[in-house]
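Right, one structure below, let's go through it.
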Amino acid sequence: DETHKSDSVVTENIYSCYEITNYLIHQGHTEIGFVGTVGATTSITDRYLGYVRSMLENNITPQDVWNIPDRSQEGEEVRPLKCGGSGVDTYNKHHPKEMPTAFVCNCDETAFQLVKELTAKGYHIPEDISVAGFDNSIYAQVCSPPLTTVAVDIEEIGKLAARRMIKHMSNPAKKGGGVFRVPGNIIYRESVRNIKRE
């Protein structure tokens, strides 16, 4: 909150997305897209920055054509690569003619929708395109195939938030305003293919 100085406890978005992008690169992927509307939320922007950092450190130039939005700047959800109800592909400009071998998605719900839409277009996951998510939410588990994703450490976030609140209750005169970042962990599932072995 820009108007109020208080502590925040958040997931370490930049480094966590950096790590999952590195994982895709170590699996042999060099053509990797990002699905998420950069600028719509702080977490999406941070996750995008982690993706870009990993790509650049591995001497891979991110391609704008593979940066696909999943919502409007106002936060209204859109479905990546999906045709509009009128039958017109309202996001056709975001449907690249040539697809990458992998996508990093800003969250599991977006990854779940992407897998459904790619499958409807005739792609096989992960044989044709690998997909990675973020959050380790229910969408990661019900997706077919189950998603490789970053697990948010909700328990540690809760413990740290509780400790910060207790500290401030014990010393209310002391001002807050610190940002505490809790790292995530990659959960390896079946949505990513190792193309390095082939």
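The values are calculated or read from the model by the stated rules, or taken from the named source; none is laboratory data. The shown structure was predicted, so the numbers you read here are calculated from the model rather than taken from an experiment. Using ideal geometry, Cβ is built from the backbone for each residue, glycine included, and neighbour counts are taken over all protein chains shown. With ligands, DNA and RNA removed, areas are computed over all heavy atoms of the protein, side chains included. Shrake-Rupley method; radii C 1.70, N 1.55, O 1.52, S 1.80 Å.
Nothing charged except the Cβ atoms of Lys and Arg (+1) and of Asp and Glu (-1): what's the magnitude of the dipole of the range 91-198 about its Cα centre? Round to the nearest 20 debye. Please report the intermediate quantities before stating the final value.
On the way: 15 positive and 12 negative charges, 139 e Å.
Value, rounded to 20: 660 debye.
Dipole magnitude of the range 116-157 about its Cα centre, charges +1 at Lys/Arg Cβ and -1 at Asp/Glu Cβ only, in debye to the nearest 20?
Magnitude of the dipole: close to 300 debye.
Assuming 0.36 nm per residue, please report the length gained on full extension of the stretch residue 56 to residue 72 beyond their Cα-Cα distance.
Working: separation 16, 0.36 × 16 = 5.76 nm, distance 2.67 nm.
That pair, residue 56 and residue 72, stretches by 3.1 nm at full extension.
Looking at the square roots a ≥ b ≥ c of the eigenvalues of the Cα gyration tensor of the range 104-198, which shape do they give, rounded for a/c under 1.5, prolate if a/b is larger than b/c, or oblate?
Values: a/c = 3.89, a/b = 3.08, b/c = 1.26.
It is prolate, given that a/c is not under 1.5 and a/b is the larger ratio.
What whole-number value in Å² describes the accessible area per residue of the chain for a 1.4 Å probe? If you can, show how the numbers build up before the last one.
Details: 10790 Å² over 198 residues.
It amounts to 55 Å² per residue over the chain.
Which of rounded, prolate or oblate describes the range 7-50 when judged by the alpha-carbon gyration tensor and an a/c cut-off of 1.5? Could you put the intermediate results ahead of the total?
On the way: a/c = 4.50, a/b = 1.65, b/c = 2.72.
Oblate shape, in that a/c is at least 1.5 and b/c is the bigger or equal ratio.
List every residue whose amide H lies under 5 Å from the amide H of residue 34, counting only residues 5 or more places away in sequence or on a different chain, with H placed 1.01 Å from N in the peptide plane.
Residues meeting the criterion, in which the H sits 1.01 Å from N, are 67, 68, 104.
Which distance in nm do the two modelled labels at residue 141 and residue 30 give, with both placed 7 Å along the Cα-to-Cβ direction?
Result: 3.9 nm between the two label points.
Scan around residue 186 for amide H atoms under 5 Å from its own, H built in the peptide plane at 1.01 Å from N, and keep only partners 5 or more places away or cross-chain.
Those lying under 5 Å, H to H, from residue 186 are 151.
Would you please put 149-160, 130-141 in order of how densely packed they are, using the mean number of other Cβ atoms within 10 angstrom per residue and starting with the highest?
Working: 149-160: 17.3, 130-141: 23.2.
Averaged packing, sorted descending, gives the order 130-141, 149-160.
What's the long-distance tail for the range 144-198, i.e. % of Cα pairs beyond 16 Å? Before the final figure, lay out each step's value.
Values: 917 of 1485 pairs.
More than 16 Å apart: 62 percent of the Cα pairs in the range 144-198.
Taking H placed 1.01 Å from N in the peptide plane, check which residues at least 5 places from residue 11 or on another chain put their amide H under 5 Å from its amide H.
For residue 11, whose amide H was placed from the backbone, the distant partners under 5 Å are 182.
Provide the per-residue ³J(HN,Hα) series for the range 142-153, in order, calculated from phi with Karplus coefficients 6.51, -1.76, 1.60 and θ = phi - 60°, each as a whole number of Hz, with x at glycine and proline positions.
Working through the residues one at a time gives 8, 5, 10, x, x, 8, 5, 7, 9, 7, 7, 7 Hz.
Through the Karplus equation 6.51 cos²θ - 1.76 cosθ + 1.60, θ set to phi - 60°, convert the phi angles of the range 171-177 into ³J(HN,Hα) values in whole Hz; use x for Gly and Pro.
Computed from phi, the couplings for the range 171-177 are 9, x, 6, 6, 6, x, x Hz.
Would you mind getting me the FRET efficiency between residue 6 and residue 159? Use the beta-carbon distance for r and R0 = 25 Å, nearest 0.05. Write out the running numbers ahead of the final one.
Working: r = 18 Å, r/R0 = 0.71.
About 0.90, to the nearest 0.05.
With Cα extents along the principal axes in Å defined as stated, name the option among [x] 46, 44, 24; [y] 60, 43, 33; [z] 70, 44, 35 computed from the structure displayed.
[y]
Treating only the Cβ atoms of Lys and Arg (+1) and Asp and Glu (-1) as charged, compute the dipole magnitude of the chain about its Cα centre; round to the nearest 20 debye. Present the calculation step by step, with values, prior to reporting the outcome.
Values: 21 positive and 26 negative charges, 102 e Å.
Result for the chain is approximately 500 debye, rounded to the nearest 20.
Each label point is 7 Å from the Cα along the Cα-to-Cβ direction; what then is the distance between the points at residue 169 and residue 196, in nm?
Reported label-point gap for residue 169 and residue 196 is 4.9 nm.
What's the ranking of 55-67, 106-118, 22-34, 4-16 by average number of surrounding C-beta atoms within 10 Å, highest first?
Numbers: 55-67: 14.0, 106-118: 22.9, 22-34: 19.5, 4-16: 17.0.
Top of the packing list down: 106-118, 22-34, 4-16, 55-67.
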